[in-house]
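Structure first, commentary second.
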Amino acid sequence: MTQNSPKKIINELLVEVFNHILSIEQTNLKERGVNLSMNEVHVLEAIEKTQEPTMSNIAKRLRVTVGTLTTAINRLVTKGYCERASVKGDRRKVVVELTDKAKQVLKIHEAFHNEMIDAAIEDLRLEENEVLIESLENLSSYFKDKY
């Protein structure tokens, strides 16, 4: 690969954009009084978006092991962001529920993403750039299919 090959440039840009988003979002959360890592916020988001938020379903959504998720959930329970609850009718099944404290964090998280996308659309005039949108859709599909 040559020094300025398209592959190298694309790789650098994707990494840079990804790192900028995480860094800016982490700063945004801290400024709003949220003392959680981005990983913890993404666990909360996965709990919220998982139809039946059992440990195995959440772990599958996050593409991590149940053991890795257990460590994160234990921290979040200790911090008061989620609770474990037995499912009515099947005491063996346990779901993870968000507390009001977690729901507030997720509102902040969603607002950040909305502001970021609104700014990107306005500043980059993305509504005129179907090629970028199509490329991002293709990239997203590739990662979903491959990983």
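Read-outs throughout are calculated quantities, based only on the coordinates presented, and are distinct from any laboratory measurement. It should be emphasised that the depicted structure is a prediction, and the values quoted were computed from it without experimental measurement. We place every Cβ from the backbone using ideal geometry, glycine too, and count neighbours over all the protein chains shown.
Odds and ends about this structure:
- Between the amide H of C82 and those of V77, T99, distances stay under 5 Å, these residues lying 5 or more places away or on another chain, with hydrogens modeled in the peptide plane.
- Within a straight-line Cα-Cα reach of under 15 Å, K88 can be paired with the following aspartates and glutamates, leaving aside sequence neighbours fewer than 8 residues apart in one chain: E52, E97.
- Just so you know, the Rg over Rh for the stretch 64-147 is 1.15, from Cα atoms, with Rh as the Kirkwood radius.
- Ignoring lysines fewer than eight residues from K103 along the same chain, the ones with Cα atoms less than 22 angstrom from its Cα are K30, K49, K60, K79.
- Principal axis extents of the C-alpha atoms in the chain (largest first, rounded to whole Å): 56, 35, 28.
- Rounded tilt (10° steps) of 100-124 against the dominant C-alpha axis of the chain: 10 degrees
- Annotation: peptides 19-29, 71-81, 137-147, ranked by per-residue average of other Cβ atoms within 10 Å with the highest first, follow the order 71-81, 19-29, 137-147.
- Per residue, the average separation of C-alpha pairs within less than 8 Å and at least 6 apart gives the stretch 6-146 a relative contact order of 18 percent.
- With R₀ fixed at 30 Å, the C-beta to C-beta distance from N28 to V87 puts the FRET efficiency at about 0.30.
- The Rg/Rh ratio of the stretch 1-87, with both radii computed over alpha carbons and Rh defined as the Kirkwood radius, is 1.12.
- In plain terms, the residue of V96, V131 with the fewest other Cβ atoms within 10 Å comes first and the most crowded comes last, giving V131, V96.
- Extension gain for Q104 to N138 (0.36 nm times residue separation, less C-alpha to C-alpha distance): 9.0 nm.
- Cβ charges +1 (Lys, Arg) and -1 (Asp, Glu), total dipole of the chain, debye: 1200 debye
- Rel. contact order, % - alpha carbon contacts under 8 angstrom, at least six apart, the stretch 1-86: 16 percent
- Taking the longest Cα principal axis of the chain as reference, the axis of helix 66-78 is set at about 70 degrees.
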